[in-house]
Structures are given as C-alpha cells and as structure tokens.
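The values are calculated or read from the model by the stated rules, or taken from the named source; none is laboratory data. All values derive from a computational prediction rather than experimental measurement. FYI the Cβ positions are ideal-geometry reconstructions off the backbone, even for glycines, and counts take in every protein chain you see.
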C-alpha cells in the first residue's frame, strides 16, 4: 500500500468491546459480595476469561473482513483492495421513492471484500470499474464513503 493519508475509515469492530464481559462479571461479583454468603470467584473469573476469548476472535475477524479504508490511491474493503485508478464512476444511491422497487443492476453485482453479500448493518454503494464491470462497495456510513470516493475521483481528473 502507499503512505497516502486515510480519507475514510471504518474499523469493523472496536477493541473496547473486550471490556464488556469482565465488566458484567464484576457487577455480578459485587452483587454476590453484597447479598449472599456464597461468592463464585472461580466461575466468575472463568466466565470473564471465556467472554474475552470469544470476543477477541469476533473482533479480530470483524477488523479483518469488515473494515473499510479509503486513501487517495486505493479503497480497501475487508481483505480486498481496489486501486482508485480502476474505478470509473461511483453510481448514485438507489431511490425507491417513485414506488419502483426493482433492484438496480449494481445492487446484484459482486460485493467487494471476498464476501457473499453486503455485511450486516452496512449499505451497498454501486461502483463501475474501468472495464465496465459493476461491483458493490459497502460501509456503515455509506453516504460518507460515497462522498469521499466522489471527491477523490473528481480531484484525480
């Protein structure tokens, strides 16, 4: 990759989520200390550790497969990178206000990032590549990515 500044980024998941499991186990520990004669030290520690382990795996996968990064030279969607020189145009968003619910051609195109579909809680963005192929980029903030992509492509011309 290049040393270009990042113009748009979504990490996929945040490492701060690792703290939720131990935080809930700590709350249960405090409740047990205040209300009862039995405190489950070992079980609470084990569950906190298990929750951290499972959460770590999920966060690692999300940061690898569902992250987005746009610089002035490339767009990275999960594990796939597209050079901006290969992008011809960013297509307008689908507009269903006219009552026409027929999907646009780009909505059925291949999804970037080696995924079978647009990840949950993300929205597709239609892109036409230089060779004429249609693909779908995606992001939680699809309007922000569409705007940033448009600015980069216009400044490139």
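Only residues that are surrounded by fewer than 13 Cβ atoms within 10 Å (Cβ to Cβ) and over 16 Å from the mean Cα position of the chain (by Cα) were counted across region 5-18, and they come to 1. Residues in region 115-146 that are in contact (Cβ under 8 Å) with a residue 60 or more places away in the chain and closer than 14 Å to residue 11 by Cα: 138, 139, 140, 141, 145. Considering each residue of region 92-105 in turn, none proves to be in the same structural domain as residue 80 (by TED's automatic domain parsing), buried (at least 19 other Cβ atoms within 10 Å of the Cβ) and not in a loop (DSSP other than H, G, I, E, B).
Taken as a whole, the condition of being surrounded by 14 or more Cβ atoms within 10 Å (Cβ to Cβ), within 26 Å of the chain's Cα centre (by Cα) and at pLDDT below 95 does not apply to residue 2. Selection of region 32-82 for residues being within 22 Å of the chain's Cα centre (by Cα), loosely packed, with under 15 Cβ neighbours inside 10 Å and in a helix (DSSP H, G or I) yields 53, 54, 56, 57, 58, 60, 61, 64. Checking each residue in region 106-143 for being surrounded by fewer than 16 Cβ atoms within 10 Å (Cβ to Cβ) and closer than 22 Å to residue 62 by Cβ picks out 110, 114, 116, 117, 120, 121, 140, 141, 143. Just wondering, is there one or more residues in region 107-114 that are without any contact (Cβ under 8 Å) to a residue 60 or more places away in the chain, assigned to a helix (DSSP H, G or I) and under 24 Å from residue 12 (Cα atoms)? The answer is yes; a qualifying residue exists.
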